[in-house]
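The block underneath contains the structure these notes are about, expressed in structure tokens.
Just so it is clear, none of the values below were taken in a lab; they were calculated from the coordinates. Just so you know, these numbers come straight off a predicted model, no measurement behind them. Positions of Cβ are backbone-derived with ideal geometry, glycine not excepted, and every protein chain shown enters the neighbour counts.
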Amino acid sequence: MKKREGIALLVALTVLACAAAFASNGTQIGTVGARSTAMGSAFRGLADDWSAVYFNPAGLTQLDAKWTIGASAGYLMPRGSYQAYAYPTNPFAGLSTAEVDAAARNFLVPAFSIFYKASEKLTAGLGVYAPNGLGTEWNLMSVPASYGNTGAISKENEFFSDHQVIDIAPTVAYQITDKLSVGLGLKYTIGKMAIDQVMLPQTRLIMYQNAGGALQLAQIDQLLGGIAQIGAAMQNPVDPSRIMVENNLEGDGSAMGANLGLLFKVSEKLSIGVSGRYSTDLKLKGTYKLTAGMPNYQAQIDALAAADPVNVGPYAPTLKATFNGQNQSFGNYEDVEAELPLPLVVGGGIAFKPSERLTLTADATYTNWSAWDEVKVMKDDVELNSLGLDWENTIEIGAGVEWLAKQMECKSLFLRLGGYTVNSPVPNTTMNPTLLDPARRYVVTAGVGLAMGKIVVDLAYERVIFGEKDIPASEYDPGESGHMLNYAGIYNFNANVFTLGVSVGL
């Protein structure tokens with residue numbers, strides 16, 4: 001393997017890690033409108049306010065006012081902890097085995113829309129919302145002195161992810177008949193992300209590329225075996241066959257897509273809605289910095305060279321220059337590209353009104369996360385690598401209720417409840433702390449709404465519970481780098497979300 005190829009592989013690992021954080025189901029926010037949020041986001045069959053631009057654009061034909069302006073802001077407070085299993089379950093003792101809390105970070109997620117009812121049958125306008133986002137930050141590494149390079153990590157919180165996705169969606173809805181409406185939105189998606197992550201590839205990758213490919217893999221394994229034996233004799237708690245590689249990457253990109261919906265009113269009391277969201281691949285382009293924290297194995301290499309001067313001696317200078325206890329930068333790189341497939345989302349829902357005061361809703365949503373079977377990493381139109389995530393499709397089931405609690409001359413008070421559950425798309429084999437979705441998600445929602453003539457104010461609360469997820473074993477890439485695919489240990493995540501919404505009909 002040439003040095004360029006070795007770097008390319010590490011770049012691919014970086015982009016793969018970034019892709020995982022960027023598109024995890026845990027980043028699906030869904031706080032578009034406080035009313036729909038309070039009803040467990042089970043809104044496809046009802047879709048009778050401005051948030052229909054996200055849930056089911058066909059419902060926009062139900063807007064009464066000539067102009068409707070709506071906005072919401074969600075305040076998300078995710079919290080989590082991770083406790084890594086000890087070496088050798090995790091192959092690096094520099095990973096803290098104490099329970100570590102994620103750094104407390106809060107996120108403000110806005111949404112906005114404006115719609116014009118051109119006629120009794122036609123409504124058109126624009127929606128802007130953030131369907132994905134969030135991020136995590138961790139301090140998980142505690143490098144022991146025996147590693148010989150305690151400054152291998154450049155900052156305290158060495159695991160960091162931050163990402164946002166914004167959809168700009170001009171949308172039109174048309175009432176075909178008294179019972180059937182159709183809606184279509186064209187989406188322009190803007191994505192931005194930043195990620196820092198520590199990878200733990202096998203040392204032989206770095207040894208091989210720094211030796212210019214002169215060493216055979218068998219010889220490298222022999223050297224690693226000798227170093228490991230010496231390290232064990234010295235009671236070195238760090239596996240000498242691995243190094244820390246710090247990846248710092250930033251990137252942005254865009255995609256196109258569409259949101260299509262149908263709404264069928266079976267009767268005055270029952271309606272059925274179906275909708276789907278499709279996007280082209282999100283084309284990311286970014287820059288990154290790649291730094292390897294090399295341990296200090298000077299004495300061990302001298303001992304190996306002395307014991308085997310024929311096979312080891314010629315390579316001792318290269319090995320000592322590599323394992324010198326210093327950080328080795330592979331430079332700053334620009335214009336790394338990856339096309340990330342955004343999953344197809346389809347679902348259906350019903351709304352039933354047993355009385356004028358009570359509305360019941362239910363939704364089912366399918367998300368095609370299995371599209372994440374391959375990520376191609378490109379540089380100058382050359383494919384550097386192709387990597388897979390083996391993610392799984394998800395099915396979300398939700399329900400909601402709205403009750404008109406009090407009606408006065410010009411005011412109406414609404415009380416709402418709801419909830420939903422969805423499985424995690426991330427298998428145990430690729431789980432890591434930068435993901436916010438370690439296990440099945442259970443969400444309970446509640447809210448209130450106050451309609452005052454042309455102005456409606458809504459407030460929603462969500463409690464998001466993932467529960468504990470135990471990843472019992474580390475998994476490794478079968479390729480030459482042998483990098484870790486997951487982080488074994490115990491994960492625990494939850495979140496509180498408050499959403500405020502306002503709409504005005506003119």
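Taking the Cβ of GLN407 as the center, what net charge do the other residues with Cβ under 12 Å away carry, scoring Lys and Arg +1 and Asp and Glu -1? Numbers along the way, then the final one.
Working: positive: ARG357, LYS406, LYS411; negative: GLU356, GLU409.
Counting the neighbours of GLN407, the net charge comes to +1.
Please work out how much length the chain gains when fully extended from SER154 to ASP308, using 0.36 nm per residue of separation minus the C-alpha to C-alpha distance, in nm with one decimal.
On the way: separation 154, 0.36 × 154 = 55.44 nm, distance 3.62 nm.
Working it through step by step, the gained length comes to 51.8 nm.
Taking θ as phi - 60°, what are the ³J(HN,Hα) couplings along segment 492-498 by the Karplus curve (6.51, -1.76, 1.60), each to the nearest whole Hz, with x for Gly and Pro?
Using θ = phi - 60°, the values come out as 8, 9, 7, 7, 10, 9, 10 Hz.
Taking the Cβ-Cβ separation of VAL266 and LEU358 as r and a Förster radius of 22 Å, what is the calculated FRET efficiency to the nearest 0.05? Show your work: numbers first, answer last.
Numbers: r = 17 Å, r/R0 = 0.79.
The formula returns an efficiency of 0.80 here.
List, in order, the whole-Hz ³J(HN,Hα) value for each residue of segment 59-65 obtained from phi through the Karplus relation with A = 6.51, B = -1.76, C = 1.60 and θ = phi - 60°; use x for Gly and Pro.
x, 5, 5, 7, 5, 8, 6
What is the packing order of peptides 139-147, 337-345, taking the mean over residues of other C-beta atoms within 10 Å and listing the highest first? Working shown, then result.
Values: 139-147: 16.8, 337-345: 20.3.
Result, highest mean Cβ count within 10 Å first: 337-345, 139-147.
Calculate, for ILE190 and GLN83, the FRET efficiency according to 1/(1 + (r/R0)^6) with r their C-beta to C-beta distance and R0 45 Å; round to the nearest 0.05. Walk me through the numbers before you get to the answer.
Details: r = 36 Å, r/R0 = 0.81.
With R0 = 45 Å, the Cβ-Cβ based efficiency is 0.80.
Could you give me the ³J(HN,Hα) list for segment 346-358, computed from phi with Karplus coefficients 6.51, -1.76, 1.60 and θ = phi - 60°, whole Hz, x at Gly and Pro?
9, x, x, x, 10, 10, 10, 10, x, 8, 5, 9, 10
With each pseudo-label sitting 7 Å past Cα toward Cβ, what's the TRP403-ASP101 distance in nm, one decimal?
Distance between label points: 3.6 nm.
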